[in-house]
1. Take peptides 134-145, 199-210 and line them up by average Cβ neighbours within 10 Å, highest first, as a rough protection proxy.
2. Quick check on the stretch 71-119: take the gyration tensor over C-alpha atoms, sort the square-rooted eigenvalues as a ≥ b ≥ c, and tell me if it's rounded (a/c under 1.5), prolate or oblate.
3. Starting from the Kirkwood radius over alpha-carbon pairs of the chain, derive D by Stokes-Einstein at 37 °C in a medium of 0.692 mPa s and give it in µm² s⁻¹.
4. If we restrict to alpha carbons, what Rg and Dmax does the stretch 1-90 come to, in Å?
5. Please report, as a whole percent, how much of the solvent-accessible surface of the chain comes from carbon and sulfur atoms (probe radius 1.4 Å).
6. What whole-number value in Å² describes the accessible area per residue of the stretch 81-222 for a 1.4 Å probe?
7. Give me the count of lysine pairs in the stretch 46-166 whose alpha carbons sit under 26 angstrom apart, restricted to pairs 8 or more positions apart or on different chains.
8. List the pair-distance distribution P(r) of the stretch 110-222, using every Cα-Cα distance, as the percent of pairs falling in each 10 Å bin from 0 up to the bin containing the longest distance, rounded to whole percents.
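The values are calculated or read from the model by the stated rules, or taken from the named source; none is laboratory data. All values derive from a computational prediction rather than experimental measurement. FYI the Cβ positions are ideal-geometry reconstructions off the backbone, even for glycines, and counts take in every protein chain you see. Heads up: the accessible areas ignore ligands, DNA and RNA and are worked out on the full protein's heavy atoms, side chains in. Shrake-Rupley method; radii C 1.70, N 1.55, O 1.52, S 1.80 Å.
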Amino acid sequence: MESKLKLLITGFEPFGGETENPSWEVARLLHGMSVSQCNLVSVQLPCVFSKSLEALENALKLHQPQMVIALGQADGRSDVSIERVAINVCDARIPDNEGAQPIDVAVVQGGPAAYFSTLPIKKMVATLKSNGYPASVSQTAGTFVCNQVFYGLQHALKDQKVASGFIHVPLLPSQAAQRQGTSLPSMSSEKLRDALLCVLPVIVNHAKRGETDFKIAMGAEN
């Protein structure tokens, strides 16, 4: 009998004075599932520059996953945004949950300028769209703690055969409703959960069999 792979999913604690974070609500719903030939385990990361990477590294050591998906909240985005690249800079427009606001600070001193996702990002987007979920390849993960974790994840796994990357998800409806004077897109945690479950077979096949990604245009003009 073929052994199951382990997928580590990370989500962030709420930040910016909010009480919810869709990345963690989705990760929490997926925790403990055993589907698509893999076991899912979820870990919450602090939205704190000085603590996020240590928490991530501890989770990697503890769980020894063959696949990793890091999730983050993206205000204003209307779809499941699968990130292409992480850059080696922290440039915080707002403070983190402990008041730190690094500006033009490297995620890893002396590290490369950027790392690419090792997930089959275009195949994932195509699969999501064909199943009715809004999705896109994103060309920027920002410069806040999300990007820091994405970069730190790829750096930690650069010499390992672990499929890993980052996905930004929209606000929850309850969050969007609290933003007075705005009309921000949102998606329920249940729909986001189902979207991630939809692409699990794609990720598993990529990790197990080394299937190549689609070579189709999903770039951006700006």
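1. Numbers: 134-145: 19.8, 199-210: 18.1.
Ranked by mean Cβ neighbours within 10 Å, highest first: 134-145, 199-210.
2. Oblate, since a/c reaches 1.5 and b/c is not below a/b.
3. Working: Rh = 17.5 Å.
Value of D from the Cα-based Kirkwood radius: 188 µm²/s.
4. Values for the stretch 1-90 (Cα only, Rg and Dmax): 14.0, 48 Å.
5. Heavy-atom surface of the chain belonging to carbon and sulfur, 1.4 Å probe: 51 percent.
6. 49
7. Qualifying lysine pairs in the stretch 46-166: 9.
8. Bin by bin from 0 Å, the calculated values are 12, 37, 38, 12, 2.
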